[in-house]
1. In sequence order, what are the phi-derived ³J(HN,Hα) couplings for region 55-66 according to the Karplus relation 6.51 cos²θ - 1.76 cosθ + 1.60 with θ = phi - 60°, rounded to whole Hz, with x for glycine and proline?
2. By how many nm would the segment from Val50 to Arg36 grow when fully extended, if each residue of separation counts as 0.36 nm and the alpha-carbon distance is taken off?
3. Could you give the nm distance between label points at Arg71 and Ser20, where each point is 7 Å from its Cα heading toward the beta carbon?
4. How about region 38-67: which chymotrypsin sites (Phe, Trp or Tyr not before Pro) there are in a DSSP loop, with at most 16 other Cβ atoms within 10 Å of their Cβ?
5. Once phi is turned into θ = phi - 60°, what whole-Hz ³J(HN,Hα) does the Karplus curve with 6.51, -1.76 and 1.60 give for every residue of region 21-29, x standing for Gly and Pro?
Amino acid sequence: VDKGYHGPVVVCGITFLPISGYVPHRAAIKYLKAQRNIEVWFAPVLATRVLMPFKVVIPTPFGTGMMQATRFTNSLPATSAAPAPAVRTQ
């Protein structure tokens, strides 16, 4: 990203598994079921245990579709104190 985050991300592969409310013989459904290279990239949010979606890559019959954050600022404001560390529970 030109403005903001530069660092490690978690990349998750996704498969499409239709469960209900779809027409099985439609070409779009068959196409999505056959894809094995759908990805979502997650970037960590500073001082938390939260990951935010940063980038999504989906193949289409017309080419690869990609949605990516144009700005991802991952810093604490200068005037605020750091948040308390996360509490672990069982």
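1. My calculation for region 55-66 gives 8, 10, 10, 9, x, 10, x, 9, x, 7, x, 9 Hz in order.
2. This chain segment gains 2.4 nm when fully extended.
3. 4.2 nm
4. When the chymotrypsin sites (Phe, Trp or Tyr not before Pro) of region 38-67 are filtered for loop state and at most 16 Cβ neighbours within 10 Å, Phe62 remain.
5. Karplus values, whole Hz, x for Gly and Pro: x, 9, 9, x, 8, 5, 4, 5, 5.
Where a number appears in this text, it was derived from the coordinates with a stated rule and is not lab data. Being a predicted model, the structure only gives us computed values, none of them experimental. Here Cβ is always computed from backbone atoms with ideal geometry, including for glycine, and neighbour counts include all displayed protein chains.
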